[in-house]
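The values are calculated or read from the model by the stated rules, or taken from the named source; none is laboratory data. None of these values were measured; they are calculated from a predicted model. Note that we place each Cβ from the backbone using ideal geometry, even for glycine, and neighbour counts take in every protein chain shown. Calculation scope for accessible area: heavy atoms of the full protein, side chains included, ligands and nucleic acids excluded. Shrake-Rupley method; radii C 1.70, N 1.55, O 1.52, S 1.80 Å.
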Amino acid sequence: MLRRKECVEIFLLETAALFAAMLSGRYGAELAVSGGLALVLILLALTDLRCGLLPDRLTAVLAVASVFCWGWGSLDWSEAAAGGIISGGSLFFLRLASRGGLGLGDVKMGAALGLWLGWQAVIPALALAFLLGGTIALLLCTSRMCWKDSMAFGPFLAIGGYAAFLWGRQCWQWYAAYLL
């Protein structure tokens, strides 16, 4: 059962996410889908912060709900599959390279986000997640955290994933047009 403080946190975060979605031009069904995505990402992030776990049930909901993205034609199944493979595969490789420093829940959440975003938007999502996570880790290391402490990565995946859901394709198109 959620406590009152947690309900207020979820409400405020959901309101901010819906406001960001409206600013990015999402209305109607797209606004409802982005609100649902934000809610699941908020629940995953808060659970990871409080418990250090990303529950398989919530991650499975995230993966299965990605079909809604395919419904309005913004993403086809091959782009979604490529996004899931790129995101989940790269995070799994990082998990192996770090000898378990990255949790398997993060790998599953990354793969589910890849299904939502497709291969073009998942790259900025991961880049933002690692940039934010690395910055916070560096700040914590200089203040109070030691190298053996752990830090939840799910919230950074959630922030990067939602930002990429709203603006990831535009970031990729800008990158492809100006830098390639």
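In this calculation the C-beta distance from Ser143 to Tyr178 is compared with R0 = 35 Å, giving a FRET efficiency of 0.40.
Mean-square fluctuation check for the chain, GNM, Cα pairs under 10 Å: which of Phe130, Phe92, Phe11 is largest? Largest GNM mean-square fluctuation: Phe11. Evaluated on the stretch 1-69, the Kirkwood hydrodynamic radius is 12.8 Å, with distances taken between all distinct Cα atoms.
Enumerate by residue number the trypsin sites (Lys or Arg not before Pro) in the stretch 67-135 meeting two conditions: DSSP loop (anything except H, G, I, E, B), and at most 15 other Cβ atoms within 10 Å of the site's Cβ. Mind showing how you got there, number by number?
Working: sites: Arg95, Arg99, Lys108; in loops: Arg99.
Loop-located and lightly packed - Arg99.
Counted over all Cα-Cα pairs of the stretch 93-180, pairs farther apart than 17 Å make up 53 percent.
Below 8 Å between Cα atoms, with a sequence gap of 6+, how large is the relative contact order for the stretch 1-96 in percent? Working shown, then result.
Working: 35 pairs, mean separation 16.9, N = 96.
About 18 percent, as a whole number.
Each residue of the stretch 132-140 was assigned a 3J(HN,Hα) from its phi angle through the Karplus curve 6.51 cos²θ - 1.76 cosθ + 1.60 (θ = phi - 60°); the sequence is 5, x, x, 5, 5, 4, 5, 5, 5 Hz, with glycine and proline shown as x.
Of the residues Ala20, Val107, Leu179, the one whose Cα sits farthest toward the positive end of the charge dipole of the chain, with +1 on the Cβ of Lys and Arg and -1 on the Cβ of Asp and Glu, is Val107. For a test of the definition: using alpha carbon positions, the gyration tensor, and the 1.5 limit on a/c, classify the stretch 79-135 as rounded, prolate or oblate. Oblate shape, in that a/c is at least 1.5 and b/c is the bigger or equal ratio.
Each residue of the stretch 36-49 is assigned a 3J(HN,Hα), and the resulting list reads x, 4, 4, 4, 5, 5, 5, 5, 5, 5, 5, 5, 5, 5 Hz, derived from the Karplus form 6.51 cos²θ - 1.76 cosθ + 1.60 (θ = phi - 60°), x at Gly and Pro. Each principal axis of the Cα atoms in the stretch 30-164 has its own extent, and those three values, largest first, are 47, 27, 23 angstrom.
Counting only protein heavy atoms and a probe of 1.4 Å, the accessible surface of the stretch 11-125 is 73% carbon and sulfur.
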